[in-house]
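Peer 1: Right, I'll just put the structure down here and ask away after.
What follows draws every value from the coordinates through simple rules; no lab data is involved. Bear in mind that the values here come from a model prediction, so they are computed numbers and not experimental data. FYI the Cβ positions are ideal-geometry reconstructions off the backbone, even for glycines, and counts take in every protein chain you see.
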Amino acid sequence: MDGKTRATVEEIFETVAEASPEIRAGLPSRRLKSGSENPSGEKQMAADVFADDLLQARLGNLDGVGQYASEERAEVDDVGEGFSVTVDPLDGSSNLKPNNTMGTVVGIYDAPLPATGEDLVGAAYVLFGPVSTMMCAVDGQVDEYLVDNGVRNLVTEDVALPDEPSVYGFGGRVPEWFDDFSAFADEVASDPSMKLRYGGAMIGDVNQVLTYGGIFSYPAFTNAREGKLRLQYEGYPVAYIMETAGGASSDGTQSILDVVKTDDIHARVPVHVGNESLIEKLESMLDESVDSPA
Ligand code: FBP
C-alpha cells in the first residue's frame with residue numbers, strides 16, 4: 001500500500017475516533033425513536049440520525065474522501081475526490097433502550113459505490129462498551145485501540161483471532177432459520193468447549209469472537225434469503241477485519257469479500273465470520289442440504 005493511501009485511511013480512522021466521544025455523549029438524550037424509517041424500512045432512533053449527520057459532516061469534509069454513504073440515508077453523497085466511505089453510524093442502536101453494547105462500523109473503498117470487497121483499503125469499528133475501543137484493519141494488519149477523549153491509544157498490535165474457538169452468537173428468529181443452519185447451530189452448541197455469547201449488536205458480538213475465538217452468524221432466513229445485515233456497511237467491512245485478523249468469512253458458500261455487489265447500496269447478505277475451521281464446517285453443512293440458501 002502506498003504512503004498516500006495509508007495516510008488517508010489513517011486520517012479517516014482518526015476522524016471517526018475523534019467523533020466517537022461526541023456520538024457517545026449524544027446517546028443519553030436520544031434513546032427514543034426518531035419517528036422516521038431508514039432506507040431499509042427500519043425505525044430510526046434519534047441517535048442513528050445524530051451519529052449519521054455528525055459523521056457525514058466530518059468525513060465528507062476530508063480532502064481524501066469522494067463519497068459518503070450510510071445505512072441511514074437513501075442515496076450516496078458525492079462529497080469530493082477520493083475514497084468512498086461507508087458507515088453504519090450506530091450498529092445495534094436497538095440496544096440503546098436496554099443500555100447494551102453498540103458501535104460504529106466504517107468501510108473505506110478505492111472505487112465508487114456500490115463497491116466490491118476487493119476495493120476495500122481499510123475498515124474499522126468503534127465499540128461503545130464499558131469503555132470505547134476501536135479495531136482498525138489496514139494493510140494486512142488489525143490493531144486495537146482504546147479511544148480516550150477522541151484519541152486512539154494502541155492496546156493490541158497485530159490482533160490475531162485465537163486458534164481455539166470458544167464463543168458463538170447467532171442472530172435472528174430460530175424458527176426462521178433454514179434446517180441446515182439449525183443443524184450447524186446444534187452442532188456448535190453441543191461442543192463442550194463452546195459458550196453462547198450474544199448481545200444483539202453485530203459489532204459487539206463480532207468483537208467477542210475476535211477476542212476469544214469462535215463464530216458470529218446472522219444467517220439467511222426462510223422468509224429472507226438475503227438475511228438482515230447490509231453488504232456495503234456491515235458485511236464487507238466486518239469480513240475484511242475478520243479475514244485480516246486470520247479468521248474467515250462466508251455468506252454460506254464463499255468469502256463475503258467475494259460476494260458480487262449489486263447496484264443496490266442497501267443490499268443485504270447472510271453474514272458468518274470467525275475461525276476458519278467453523279466457517280469450513282458451516283459451508284460443508286450448507287452445501288449438503290437441498291434447502292441451502294445458495
Ligand atoms: P442496525 O445497524 O440498524 O442497528 O441493525 C444491525 C443490527 O442491529 C446488528 O447489529 C445486529 O446483529 C442485528 O441488527 C440485530 O437485529 P435483530 O435484533 O433484529 O435480530
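Peer 1: Note the full-extension length gain between VAL151 and SER190 as 0.36 nm times their separation in residues minus their Cα-Cα distance, in nm to one decimal. List each step's numbers first, then the result.
Peer 2: Working: separation 39, 0.36 × 39 = 14.04 nm, distance 4.22 nm.
Stretched out fully, the VAL151 to SER190 stretch lengthens by 9.8 nm.
Peer 1: Once the Cα atoms of helix 202-212 and of the chain are each reduced to a long axis, what angle between those two axes, in degrees from 0 to 90 to the nearest 10, is obtained?
Peer 2: Between helix and principal axis, roughly 70 degrees.
Peer 1: Further question on the same structure: Per DSSP H run of n ≥ 4, the term is -39500 (n - 2.57); total these for the chain, divide by its residue number, and report the mean residue ellipticity at 222 nm rounded to 500 deg cm²/dmol.
Peer 2: Working: 6 runs with 82 residues, N = 294.
Roughly -9000 deg cm²/dmol at 222 nm, from the helical runs in the chain.
Peer 1: Find the Cα radius of gyration of region 70-120, compare it with 2.2 N^0.38 Å by division, and give the number to two decimals.
Peer 2: Details: Rg = 13.3 Å, N = 51, 2.2 N^0.38 = 9.8 Å.
Expressed relative to 2.2 N^0.38 Å, the Cα Rg reads 1.35.
Peer 1: Leaving out same-chain residues fewer than 8 places away, which aspartates and glutamates sit with a Cα under 18 Å from that of LYS195?
Peer 2: ASP163, GLU164, ASP186, GLU187, ASP205, GLU276
Peer 1: With each label point set 7 Å from Cα along the Cα-Cβ vector, what nm distance links GLU11 and GLU75?
Peer 2: Output for this residue pair reads 2.6 nm.
Peer 1: Along the charge dipole of the chain, pointing to its positive end and built from +1/-1 on Cβ of Lys, Arg, Asp and Glu, which listed residue (GLY252, ASN95, GLY64) has its Cα farthest out?
Peer 2: Positive-end residue among those listed: ASN95.
Peer 1: For each of MET285, MET1, count neighbouring Cβ atoms within 10 Å of the residue's Cβ, then give the residues from fewest to most.
Peer 2: Values: MET285 17, MET1 11.
Placing the least packed residue first, the sequence is MET1, MET285.
Peer 1: Say we join alpha carbon atoms closer than 10 Å with springs in a Gaussian network model of the chain; which of PRO98, PRO270, PRO28 then has the biggest fluctuation?
Peer 2: Comparing PRO98, PRO270, PRO28 in a Gaussian network model of the chain, the most mobile one is PRO98.
Peer 1: For region 3-156, max minus min Cα coordinate along each principal axis, in Å, sorted largest first?
Peer 2: 43, 36, 24
Peer 1: Using the alpha carbons of region 150-221, what is the convex hull volume per residue in cubic angstrom, as a whole number?
Peer 2: Working: hull volume 7.8 nm³, N = 72.
Once divided by residue count, the hull of region 150-221 is 108 Å³.
Peer 1: Between Rg and the Kirkwood Rh of the chain, both from Cα atoms, what is the Rg to Rh ratio?
Peer 2: Numbers: Rg = 17.8 Å, Rh = 18.9 Å.
Over the Cα atoms of the chain, Rg/Rh equals 0.94.
Peer 1: Need one number for region 1-73: average projected area of the convex hull over its C-alpha atoms, nm². Please list the in-between numbers first.
Peer 2: Numbers: hull surface 21.9 nm².
That works out to 5.5 nm², a quarter of the Cα hull's surface.
Peer 1: What order do you get for HIS266, HIS272 when you list them from fewest to most C-beta neighbours inside 10 Å? All intermediate terms of the calculation are to be shown ahead of the outcome.
Peer 2: Numbers: HIS266 18, HIS272 27.
Going from least to most buried by this count: HIS266, HIS272.
Peer 1: Give me the percent relative contact order of the chain, please, defined on Cα pairs under 8 angstrom at least 6 residues apart.
Peer 2: Values: 670 pairs, mean separation 45.8, N = 294.
Over the chain, the number comes to 16 percent.
Peer 1: In Å, what is the Rg of the alpha-carbon atoms in region 167-291, and how long is Dmax?
Peer 2: Over region 167-291's Cα set, Rg and Dmax evaluate to 13.2, 43 Å.
Peer 1: Could I ask something else about it? Sort VAL49, VAL105, VAL65 so the one with the fewest other Cβ atoms within 10 Å of its own Cβ comes first.
Peer 2: On the way: VAL49 20, VAL105 29, VAL65 23.
With the sparsest Cβ surroundings first, the list reads VAL49, VAL65, VAL105.
Peer 1: At 0.36 nm per residue, and after removing the present C-alpha to C-alpha distance, how many nm does the segment from ASP263 to LYS43 gain when stretched out fully? All intermediate terms of the calculation are to be shown ahead of the outcome.
Peer 2: Details: separation 220, 0.36 × 220 = 79.20 nm, distance 2.36 nm.
Separation in residues times 0.36 nm, less the Cα-Cα distance, equals 76.8 nm.
Peer 1: With a cut-off of 19 Å, note down the residues of region 252-282 whose backbone N falls inside the zone around a label point 7 Å from the Cα of ASP179 toward its beta carbon.
Peer 2: Counting backbone N atoms under 19 Å from the label point, the list is 282.
Peer 1: Please report, in debye to the nearest 20, how large the charge dipole of region 16-149 is about its Cα centre when each Lys and Arg carries +1 at its beta carbon and each Asp and Glu carries -1 there. Walk me through the numbers on the way to the answer.
Peer 2: On the way: 8 positive and 23 negative charges, 173 e Å.
Dipole about the Cα centre, nearest 20: 820 debye.
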